[in-house]
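Contents: one structure, followed by commentary.
The values are calculated or read from the model by the stated rules, or taken from the named source; none is laboratory data. Owing to the predicted nature of the structure, the values given are computational and were not obtained by experimental measurement. Cβ placement follows ideal geometry from the backbone for every residue including glycine, while neighbour counts extend to all protein chains displayed. Heavy atoms of the whole protein, side chains included, go into the accessibility calculation; ligands, DNA and RNA do not. Shrake-Rupley method; radii C 1.70, N 1.55, O 1.52, S 1.80 Å.
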Amino acid sequence: MTERDVLVRARRVVVKIGSRLLAEAPASRPATIADQVVELARRGVECAIVSSGAIALGVRRLGLATRPTEMPALQAAAAVGQSRLMQHWEHAFAAHDRVIGQVLVTHDDLGDRRRFLSARLAIRAMLDARVVPIINENDTVATDEIRFGDNDTLAALVCNLVGADALVMLTDVEGVRDAAGARIPIVRDIEREAAPVAGGSTSGVGSGGMASKVGAARVVTRTGVPALVAPGRDSDVIVRALAGADVGTLFVPSADVLSSRKHWIAYGAKPTGKLVVDDGAVRALTGGGKSLLPAGIADVIGDFQLGDTVTVATREGVEIARGLVAYAADDLRKIRGLQSAAIESTLGYKGIDEAIHRDDLAIL
């Protein structure tokens, strides 16, 4: 039994393909992936596809010399390119008599728990109906405040959304390379083995790069799901990878696994504020599995309401957790540093003893 057997056992897989791969072969690349997805379906493996490429195809369609840098121009390119992108996927799967479905999301969609659950049910219904979901960020309406930034991050969140067993990120290189330029077959410690050698995008076509893929692997492995960075130009790389072949770079799942809900708190929900905590609270949260009490809060930053997501940070500014607050910001400012017994006399009411209950807290 090898570490790559986790891929062999996968029965629901998220496949992410980058802008550069699609831009260089906008018709043939989707066809090659469709061939593999259909073959995997025959073997009992479901696939959801996270597809970049709308902006790149829009830039080409509009005759622009380079990718725009201003948000309105990027949104316009996305609007033009998204329909062309879906045409390519439609034709690719029509050759196999398979139906596809378009899913466009923003970070706000997945950051809102109700919309997250709604999207989960919709995509799972598509998979149950043998429809292949083609998922992309809704770049036409996304802004700097709500956009994912790259589809690697989106793909990692989609894994949690659909309950995937593996994430495959197709790129234009053979995998993560070490300082000497050699492929790293297996990564067991992301911070030590992969993060130091990962770089950003240099293609001028997409917004990701190896750094964003390593970041996505960091997110997805926290739920016990393996991530693979694989060479997307190989015509059968997905099939071979899921058969256990030594291709690409496999990120082994973390031993410290988060539940789906806590994964959403940690990575899906967008923080609206920050709680700065003292050293005692840091020890209690990271080493003792405790809830965050008002007594451990040193400062409250931002304007948020009960149930919102906030970051929890040390006095030095290091983020150690995210959680759903049990009190609004104004109330927490009044009770910070106080014992729980003083909550009711200070506020005139009392919800619970904790500022963030441990069930609503995800340690990062």
Sort out which residues of the stretch 167-195 are assigned to a helix (DSSP H, G or I) and open to solvent by less than 30 Å² (accessible area, probe 1.4 Å), and write them in order of number.
Ile190, Ala194
Restricting attention to the stretch 325-364, report how many residues are more than 29 Å from the chain's Cα centre (by Cα) and of a type in the set (Phe, Trp, Tyr).
1
Is there a residue being within 18 Å of Ala164 (Cα to Cα), in contact (Cβ under 8 Å) with a residue 60 or more places away in the chain, open to solvent by less than 60 Å² (accessible area, probe 1.4 Å) and of a type in the set (Val, Ile, Thr) anywhere in the stretch 90-107?
no
State whether one or more residues within the stretch 313-333 are among the polar types (S, T, N, Q) and closer than 15 Å to His357 by Cα.
no
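Search the stretch 143-166 for residues being part of a loop (DSSP other than H, G, I, E, B) and closer than 21 Å to Val80 by Cα, and hand back the single one that is modelled with the highest pLDDT. Before you say what the answer is, go through the steps one by one.
Step one: list which residues in the stretch 143-166 are part of a loop (DSSP other than H, G, I, E, B), which gives 143-150, 163-165.
Narrowing the set further to residues that are closer than 21 Å to Val80 by Cα leaves 143-144, 146-150.
On the way: Thr143: 59, Asp144: 51, Ile146: 42, Arg147: 56, Phe148: 59, Gly149: 55, Asp150: 70.
Per the criteria, the residue is Asp150.
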Restricting the first residue to the stretch 12-37 and requiring it to be more than 15 Å from Ile134 (Cα to Cα), which pairs with a second residue that is among the basic types (Lys, Arg) and part of a helix (DSSP H, G or I) meet a Cβ separation below 6 Å and a spacing of at least six or different chains?
Leu21/Arg29
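Results for (1) at pLDDT 90 or above; (2) outside any helix (DSSP H, G or I); (3) open to solvent by 20 Å² or more (accessible area, probe 1.4 Å), shown as yes or no for each residue.
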{"position": "Ser207", "(1), (2), (3)": "no, yes, yes"}
{"position": "Thr223", "(1), (2), (3)": "no, yes, yes"}
{"position": "Val229", "(1), (2), (3)": "yes, yes, no"}
{"position": "Ile238", "(1), (2), (3)": "yes, no, no"}
{"position": "Ala243", "(1), (2), (3)": "yes, yes, yes"}
Condition set in a helix (DSSP H, G or I) and open to solvent by less than 10 Å² (accessible area, probe 1.4 Å), scope the stretch 115-142, selection farthest from Met169 (Cα to Cα): answer is Phe116
Only one of (1) open to solvent by less than 50 Å² (accessible area, probe 1.4 Å); (2) hydrophobic (A, V, I, L, M, F, W, C); (3) within 30 Å of Gly302 (Cα to Cα) is not met by Val257, so which one is it?
(1)
